Amino acid sequence: MKINRFAAISMAALMLSPMTAYADETNYRTFDQFNKNEVNGTLTVNIPEGCTADISITFDSPEGPALPYYKVEKGKSGSYSFDIEGRDNNKSDYRYYNLSVTLTSVEYGNVSEAFTDVVNGTANDSFLIPDKNDNPDSFKKYTYNFSCDDVNNGKSWELTDSDETSKNVTVHLNFIPVGDVNGDGHIDGVDASDILTAYAKESAGGKSDLSAAQKKAADVNGDKVMDGNDASLLLSYYAYVSAKGNVTLAEFMADRA
């Protein structure tokens, strides 16, 4: 598959990455009332080679919901560290930090679903950054290590390992939803055209330009064959969505069945 050339990025490659970015130095912080004196932890996000990353951190607190804290757009591979203000989880002084990371393949443009995690959350594996005024000598350092592979198992990403200070996330950048043949995040006439073009080439004894993952996404009716029927179904669904229909392709197919 064409994405194999940057598959399975190892931790050694991450450690040797030539680019290191720090949130303070590159103006990624978006929260105006940030208090350096309250910092009691760091979150480090390691992005593998062959990918760019959209990273955002927001927080919920008595100050309001989903307040912007940090934002990185199309960040290159490397290590991004973010200073985090510590808060205890009580009614008057708490912050639930919401981390979101979306990876995009540099060469092929495949985009992952967003990996999300909550710091200071209520889950058993939630990283905690306490208020240092109430908890002296409690500075925390947590790391998110991302890697990529070409597995197509119906999931965009998986949490593959974790411990008290780190979480390893494997992103399956070759995952393409059924119907989205070109992997651009939309199901439309272009996808139907791609199916017809590939089907015509194969019917004439040639080889299509679609990868194995794209062929799987092109099998709209699930009969293990990519042909004109799949293209016709996609065009019907696209017409339905264009007329303000709001069900998914899977629901659309189930209704037709």
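The values are calculated or read from the model by the stated rules, or taken from the named source; none is laboratory data. What you see is a predicted model, and the numbers here were worked out from it, not measured in a lab. Using ideal geometry, Cβ is built from the backbone for each residue, glycine included, and neighbour counts are taken over all protein chains shown. In case anyone asks, the SASA skips ligands and DNA or RNA and just uses the protein heavy atoms, side chains included. Shrake-Rupley method; radii C 1.70, N 1.55, O 1.52, S 1.80 Å.
Largest to smallest in accessible area, the residues R87, R95, R29, R256 fall in the order R256, R29, R87, R95 (1.4 Å probe, all protein chains included).
Dipole check for the chain: with +1 at the C-beta of Lys and Arg, -1 at the C-beta of Asp and Glu, and the Cα centre as origin, the magnitude is about 380 Debye.
Remark: spin-label model distance E158-V190 equals 3.0 nm, labels positioned 7 Å along the Cα→Cβ axis. A Förster distance of 25 Å, applied to the separation of the beta-carbon atoms of N90 and N37, puts the FRET efficiency at 0.80.
Taking H as built 1.01 Å from N, whose amide H comes closer than 5 Å to the amide H of V106, not counting residues under 5 places away? Here the answer is C51, T52, since their amide H atoms fall under 5 Å of that of V106. In this simple spin-label approximation, N133 and E107 carry label points 7 Å from Cα along the Cα→Cβ vector, and these lie 5.2 nm apart.
Only protein heavy atoms count here; under a 1.4 Å probe, L128 has an accessible surface of about 80 Å².
Excluding same-chain neighbours fewer than eight residues apart, the lysines reachable from K224 by a Cα-Cα span under 22 Å are K2, K155, K201, K207, K215, K216. For the chain, averaging the sequence separation of C-alpha pairs within contact (under 8 Å, six or more residues apart) and dividing by the residue count gives a relative contact order of 16 percent.
Taken over the range 117-167, the alpha-carbon convex hull comes to 88 cubic angstrom per residue. Separation of the range 145-193 from the range 48-78 is 19 Å, based on Cα centroids. Once C-alpha pairs closer than 8 Å and six or more residues apart are averaged by separation and normalised to the residue number of the range 69-161, the relative contact order reads 21 percent. Recomputing volume of the Cα convex hull per residue in Å³ from the coordinates shown identifies the correct label among (1) 160; (2) 118; (3) 107 as (1). FRET efficiency for K224 and N246, Cβ-Cβ distance as r, R0 = 25 Å, nearest 0.05? Calculated transfer efficiency: 0.30.
Here the range 71-213 was treated as a single set of alpha-carbon atoms; its pair distances binned every 10 Å from 0 give 10, 30, 26, 17, 10, 5, 2, 0 percent.
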